[in-house]
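Computed from the coordinates by the stated procedures, all read-outs in this text should not be read as laboratory data. Quick caveat, the model's predicted, so the values are computed rather than measured. Ideal geometry is used to build each Cβ from the backbone, glycine not excepted, and the neighbour counts take in all protein chains shown.
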Amino acid sequence: MSKQYRFPENFLWGSATAAYQIEGSPLADGAGPSIWQRFAHTPGRMLNDDNGDVACDHYNRWRDDVGLMKQLGMQGYRFSVSWSRVMPEGRGRVNPKGLDFYERLVDTLLENGIQPTATLFHWDLPAALDDRGGWLNPDIADWFGEYSEVMYKRLDGRIKRWATLNEPWVVTDGGYLHGALAPGHRNRFEAPIASHNLLRAHGKSVQVYRAVGKHEVGLVVNIEPKYPASQSPEDLAATRRAEAYMNRQYLDPVFFGTYPEELREIFGEAWPEWPQADMDLIRQPLDFIGVNYYTRNVARHDEANWPLKVSPVRQTQHTYTETGWEVFPQGLTDTLTWVKERYGNPKVFITENGAAFFDPPKAERGRVRDPLRVSYLRQHLRAVHKAIEAGCDIQGYYVWSLLDNLEWSLGYSKRFGIVHVDFETQTRTPKDSARYYASVVASHGEAL
Ligand SMILES: N=[N+]=NCCCCNC(=O)[C@@H]1[C@H]2[C@H](O)[C@@H](O)[C@H](O)[C@@H](CO)[C@@H]12
């Protein structure tokens, strides 16, 4: 075996999913609706009118899915908790059957030697809270703190690593600025408020964890490195705006207590003055940062592209995935070294990395060949190793995703899983990429 890809002894190899994308049964056993339950049942919002009523039926098949992770040798599993399954109205009443579901899942993961990592909010806000303004209502920081306390008190210790939020940028950009994701708003004035309240809620949750938790809590962000299409002043400024908007908007407040100045430039009159008390709340010390990496962006100035005035430039020399993302593994190394240099080499887990390539709706004689995904994983894991060799404190990697699942408003049209799901029969079939990833895990990276 080549020794060139040696990973740290305690490096954790896992896979990741999210509640609304895999569980199904969104209203079972006393669960309340989330905004994604509402959004997915709103005509015209979802490709092919797909929804999460069944998804991967993980709510009923969770034990077999843990068995699948065991079979693949997974050491960790990152999942998300459906807030409205646990608290149907988002605050106040706790639904014991909702809590029981996650407790059984966690106990079974532990019995199988798999470390659970839970994300408290992965986009599926309780609909009852959205009725009260959702992320636009400043009270949501306390609502999220209350929900966090329920989860921390019940499961901390068995869960030793918590993430408060998943990708506040996507929630804001998709849910409040461009409207492609729930709750489907398109408002330049709402987006900064929602984004700020997401960070305030994160800060409140971390404060609660420091009071009742004994292990680790962090934040998961998507980072997409920006490269200028040219060295023209316009393209360089556009690249800086895009980089501030997607990559610094969340980590700067958390690490420095300040927003990037470009945000006022981008949002203009729609960017409020934020109280110092808010910035102090957001700036809670964290135990780790989760980085989700998919692709890079080559940015050019585009006066017409509201409000960022930036557009991507397609790179013809590289492969693109089914979601239209360039395969660019060097961007992962660049992202990890950028985080190290800008934020003082914090402990990082790559909490999502993967790709959608075309896979058939059904396996053929028990096999699903996905060479492009095998190549994607190999290249990106090598990119991680390169960052580790550059001194980055990377402590784990979760492939997105364990299962083919509901790709939000793109429905079931995009398959990210290393395990194929036949959505007619719910049959799971490990793809070639699952076998490859399992061999990498078993060899602790040497099979890369
Ligand atoms: N150009 N461009 N932009 C790329 C920006 C990526 C934004 N989307 C994500 O990161 C989502 C993350 C989410 O956690 C998961 O729930 C989603 O299923 C995956 C796959 O979509 C990724």
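Give me the dipole magnitude in Debye, nearest 20, for the chain about the Cα centre, with unit charges on the beta carbon: positive for Lys and Arg, negative for Asp and Glu.
That gives the chain a dipole magnitude of about 1060 debye.
Whole angstrom only: what separates the Cα centroid of the range 367-430 from the Cα centroid of the range 1-77?
Using only Cα atoms, the two centres lie 12 Å from each other.
Mean separation of Cα pairs under 8 Å and 6+ residues apart, divided by the residue count of the range 87-154: what relative contact order is that in percent?
Averaging sequence separation for qualifying contacts and normalising by length gives 42 percent for the range 87-154.
Note down the net charge around residue 94, summing +1 for each Lys or Arg and -1 for each Asp or Glu among other residues with Cβ under 15 Å from its Cβ.
Taking every other residue near residue 94 into account, the sum is 0.
Magnitude of the Cβ-charge dipole of the range 59-125, K/R +1 and D/E -1, about the Cα centre, nearest 20 debye?
Magnitude of the dipole: close to 100 debye.
Once the other residues with Cβ under 13 Å from the Cβ of residue 338 are scored (Lys, Arg +1; Asp, Glu -1), what is the net sum?
Every neighbour counted, the sum reads 0.
Give me the one-decimal nm value for the distance between modelled label points at residue 60 and residue 10, 7 Å along each residue's Cα-to-Cβ direction.
4.1 nm
Within a 10 angstrom radius of the beta carbon, how do 224, 146 rank from fewest other beta carbons to most?
With the fewest neighbours first, 224, 146 line up as 146, 224.
Which length gain, in nm to one decimal place, applies between residue 131 and residue 207 when the Cα-Cα distance is subtracted from 0.36 nm times their residue separation?
Result: 24.8 nm gained on full extension.
Evaluate E = 1/(1 + (r/R0)^6) for residue 103 and residue 426, where r is the Cβ-Cβ distance and R0 equals 22 Å; express this FRET efficiency to the nearest 0.05.
FRET efficiency, residue 103 to residue 426: 0.40.
Mind running the shape call on the range 20-121? Use the C-alpha gyration tensor, a ≥ b ≥ c as the square roots of the eigenvalues: rounded below 1.5 for a/c, prolate if a/b tops b/c, oblate otherwise.
It is oblate, given that a/c is not under 1.5 and a/b is not larger than b/c.
Fewest to most neighbouring Cβ within 10 Å: what's the order for 295, 316, 119?
Ascending Cβ contact count within 10 Å gives the list 316, 295, 119.
Roughly what would the spin-label model give for residue 186 and residue 261, points 7 Å off Cα along C-beta, in nm?
Rounded to a tenth, the inter-label distance reads 3.3 nm.
For a bin width of 10 Å, list the pair-distance distribution of the chain built from all Cα-Cα distances, rounded to whole %.
4, 22, 34, 29, 11, 1, 0
Assuming 0.36 nm per residue, please report the length gained on full extension of the stretch residue 364 to residue 111 beyond their Cα-Cα distance.
Working it through step by step, the gained length comes to 87.8 nm.
Around residue 364, what is the net charge, scoring Lys/Arg as +1 and Asp/Glu as -1 over all other residues with Cβ under 13 Å from its Cβ?
+1
Given Cβ point charges of +1 (Lys, Arg) and -1 (Asp, Glu) and nothing else, what value in debye, to the nearest 20, does the dipole of the range 1-100 about its Cα centre take?
Taking the Cα centre of the range 1-100 as origin, the dipole is about 380 debye.
What are the lysines whose alpha-carbon lies under 18 Å from the alpha-carbon of residue 204, with same-chain residues fewer than 8 places away excluded?
Within the straight-line limit of under 18 Å, residue 204 reaches these lysines: 153, 214.
Take the alpha-carbon centre of the range 139-190, take the same for the range 234-301, and report the distance between them in whole Å.
Computed from Cα coordinates, the inter-centre distance equals 17 Å.
With the dipole of the chain worked out from charges on the C-beta (+1 for Lys and Arg, -1 for Asp and Glu) around the Cα centre, which of 355, 268, 323 lies farthest toward the positive end?
Result: 355.
Under a point spin-label approximation (7 Å from Cα along Cα-to-Cβ), what is the residue 53-residue 446 distance to one decimal in nm?
Those two pseudo-labels are separated by 5.1 nm.
Taking the alpha-carbon distance from residue 431 and a cut-off under 24 Å, which lysines remain once sequence neighbours fewer than 8 residues away in the same chain are dropped?
Of all the lysines, those that pass the test against residue 431 - Cα under 24 Å, at least 8 places apart if same chain - are 70, 362, 414.
With the contact rule set at Cα under 8 Å and sequence spacing of 6 or more, what percent relative contact order holds for the chain?
About 18 percent, as a whole number.
I need 437, 412 ordered by Cβ neighbour count within 10 Å, fewest first.
412, 437
Taking H as built 1.01 Å from N, whose amide H comes closer than 5 Å to the amide H of residue 12, not counting residues under 5 places away?
Answer set, sorted by chain and number: 396, 397.
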